[in-house]
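To start, the structure under review is shown below, and the notes come after it.
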Amino acid sequence: MIDFLIVGAGLYGSVCARELTDKGYSCLVIDKRPHIGGNCYTSRQHGIDVHTYGPHIFHTSDKEVWDYINRFSEFNNYKLSPVANYFGELYSLPFNLWTFHQIYGEHNVEAVSKKLEHFKTDVEPDNLEDFAIQAVGEKMYRKLIHGYTKKQWQTDPKNLPADIIKRLPVRLTFDNNYFNDTYQGIPKDGYTAIFERMLDGIDVELGVDYFKERNALKSKKIIYTGKIDELFDYCYGDLDYRSLRFKHKTYDTSNHQGTAVINFTDDVTPYTRSIEHKHFVPFTESFKTIVTQEYPAPYQRGIEPYYPINNKENNLKYQKYKKLADAQKDLYLGGRLAEYKYYDMHQVIASALAFTKEA
């Protein structure tokens, strides 16, 4: 009997497998998909690493996490600087002095500061729309936030909590680096190579549905990274997620849109963003290029879940499921789906490392 059955070959499961194996435990990793890497999976096409499930830019200020992931790949110094397209008008993201100049005609720090202060009111914002308008003003909100958010979350921004938008930087500089983290980049040979090296020498079985095979899978302990509501047969009902679908197209040219990510912020264009993958690794030599359009999609069972919708109702429901999990000895939950949290990659790694240190 193996020590650990690890359900899911994404970041959490793979880090756990590596660390536990190195500590002398026996591990079996299973995944229902035909590949390792979870949503970080990249597919090499025409010499280009395609981010199959949407773009993944690694960023962290945690040196331990950065040093850990660099054990498995060399990273470049790519920094995300998306362009916003509003009905053909182009704007700099995230919000910085370029953006304020483009929207409000101001780039002087003192003048922009006064304008931002003018947007604030004495009323505490209780939804995303009110918070955003108080943060950057009505005009910028309408052009760069409202339509994109409405498409992304499939609902009016007035119905969303303010917390969703609080991650977006607002800078009084001309810096258009999306993230504030110390370490940022893309693995030079793709994310899949990281997982191949991380799982080297570890038993991995792909195309295995845990819920169909679990009676035959014997282990002392289980690390589960899938949907927690599915684990308990949806006994308290389904948790809500936002899903996505992707359209990939190959062009017979070396450059199509000139940048890695363009956000379409109007509410008419059906997709939220367009991704040209070769710009994640500059100077990729290929006479072709691959562009992906990312579409929001309603979630239902059988469709891949991407982002948990952490409203009050869902969080209460999750706590009920978590109580069931906590009552099961030798069952451990980890990752975005099992913990129903909007984790970034570095947070998943940190969580997995913390768990395996105590194992």
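Where a number appears in this text, it was derived from the coordinates with a stated rule and is not lab data. Because the structure is predicted, anything quoted here is derived from the model rather than measured. In this analysis, Cβ positions are derived from the backbone assuming ideal geometry, glycine residues included, and neighbour counts consider all displayed protein chains.
Here are some notes:
- Mean ellipticity per residue at 222 nm, deg cm²/dmol - from DSSP H runs of n ≥ 4 across the chain, formula -39500 (n - 2.57): -8000 deg cm²/dmol
- The stretch 51-180, Cα convex hull volume normalised per residue, Å³: 145 Å³
- Dipole in debye (nearest 20) - the stretch 83-164, about Cα centre, beta carbon charges: Lys, Arg +1; Asp, Glu -1: 340 debye
- Antiparallel content of DSSP bridges confined to the chain, in %, to 5: 60 percent
- Here the label points at Y234 and L168, each 7 Å from Cα along the C-beta direction, are separated by 3.3 nm in the simple model.
- Crossing angle, helix 345-358 versus the chain [Cα axis fit, 0-90 degrees, rounded to tens]: 30 degrees
- Cβ-based net charge around V261, under 13 Å, with every Lys or Arg adding one and every Asp or Glu removing one: +1
- Förster radius 35 Å - calculated FRET efficiency between H118 and K341, Cβ distance, rounded to 0.05: 0.45
- When the convex hull of its Cα atoms is viewed from all sides, the stretch 1-58 shows a mean projected area of 5.0 nm².
- Coarse-grained scattering of the stretch 101-173 at q = 0.16, 0.22 Å⁻¹, given as base-10 log I(q)/I(0) from a Debye sum over alpha-carbon atoms: -0.57, -1.00
- Gaussian network model of the chain, Cα within-10 Å springs - most flexible of K221, K114, K188: K114
- C-alpha long axis of helix 312-326 to longest principal axis of the chain, angle in °: 20 degrees
- Evaluated over the chain, the Cα radius of gyration and Dmax, each in Å: 21.6, 68
- Rounded to 0.05, the FRET efficiency of the V109 and A354 pair, given R0 = 30 Å and the Cβ-Cβ distance, is 0.15.
- Per residue Cα convex hull volume in Å³ - calculated over the stretch 222-359: 155 Å³
- Structure remark: mean-square fluctuation, Gaussian network model of the chain, C-alpha springs under 10 Å; the largest value among I222, I103, I57 belongs to I103.
- DSSP-loop chymotrypsin sites (Phe, Trp or Tyr not before Pro) across the stretch 124-204, with at most 15 other Cβ within 10 angstrom: F174
- Only Lys, Arg, Asp and Glu carry charge here, each on its Cβ (+1 for the first two, -1 for the last two); on that basis the chain has a dipole of about 400 debye about its Cα centre.
- Low-density loop cleavage sites - GluC sites (Glu not before Pro) in the stretch 269-353, where at most 13 other Cβ are within 10 Å (DSSP): E285
- Neighbour-count order for H101, H51, H279, fewest beta carbons within 10 angstrom listed first: H101, H279, H51
- Pair L316, K23: separation of 7 Å Cα→Cβ label points (nm): 3.7 nm
- In the elastic network of the chain, a GNM with C-alpha springs shorter than 10 Å, the most mobile of N108, N255, N176 is N108.
- Normalised contact order of the chain, rounded percent, pairs of Cα under 8 Å and 6 or more residues apart: 27 percent
- Among F119, V109, A84 the positive-end extreme of the charge dipole of the stretch 83-164 (Cβ point charges): A84
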